[in-house]
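Take a look at the structure below.
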Amino acid sequence: MPTARNDFAKLRLAGGIVLLATAFALSDCKRTSTQSPTDPTAKNEKSADVQPAPSAKTKTEKKPFEREGYAVWYDVPVDSLAKRRAGKDELTAAHNRLPLGTMVRVTHLANGRSVIVRITDRGITSHAMIDLCKEAAAELGILREGSARVRIEVLPDDEGPGTAPDAKATAPQP
């Protein structure tokens, strides 16, 4: 007489076999090539002597960092390391991946307000992408809600408040 335990074991075995068979079948599939015949990396002897067209971008240009996500705020103590890393009267923020000292424009997607902050801290443990100082959150109008959907854009070195050619060299350091 079959038991529920035996039925479950048979069902698990059948599921494993189906999964294995699917993986085996898909591993033998050939992928279609997305390379054009003029691509020099294509495995075609006729195109081996074709040179690629010069790119409009140079190697030093990078795609600007721009992401959308949630911002939250925290009250940064005046004597904290994060405040000491920032320049006088600069707004600060925490981000887990951007380099410390990076200037970032944060735009509140609901009301269009934006603020420029300097990344001076780490340690975001919530769902948020960026953790703003209380003053920056007030300028964006998110103090009451506590969090908001924002767009984050890294500014080039020549933009942002107080960024002279040697601004990074004169900014307070830890």
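The values are calculated or read from the model by the stated rules, or taken from the named source; none is laboratory data. Please read all numbers here as calculations on a predicted model, not as lab measurements. Cβ sites come from the backbone with ideal geometry, for glycine too, and all protein chains shown count toward neighbours.
It is to be established whether one or more residues within region 43-51 are at pLDDT 90 or above, out of contact with any Cys (no Cβ under 9 Å at 6 or more places or on another chain), in a loop (DSSP other than H, G, I, E, B) and not polar (S, T, N, Q). Scanning region 43-51 turns up no residue that is at pLDDT 90 or above, out of contact with any Cys (no Cβ under 9 Å at 6 or more places or on another chain), in a loop (DSSP other than H, G, I, E, B) and not polar (S, T, N, Q).
This table checks each residue for (1) surrounded by 15 or more Cβ atoms within 10 Å (Cβ to Cβ); (2) charged (D, E, K, R); (3) touching a residue at least 24 places away in the same chain (Cβ under 8 Å).
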{"site": "Glu68", "(1), (2), (3)": "no, yes, yes"}
{"site": "Ala86", "(1), (2), (3)": "yes, no, yes"}
{"site": "Val106", "(1), (2), (3)": "yes, no, yes"}
{"site": "Leu109", "(1), (2), (3)": "no, no, yes"}
{"site": "Val115", "(1), (2), (3)": "yes, no, yes"}
{"site": "Gly146", "(1), (2), (3)": "no, no, yes"}
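Taking into account only those residues within region 70-84 that are aliphatic (A, V, I, L, M) and in a loop (DSSP other than H, G, I, E, B), which is surrounded by the fewest Cβ atoms within 10 Å (Cβ to Cβ)? Filtering first and then ranking leaves Val78.
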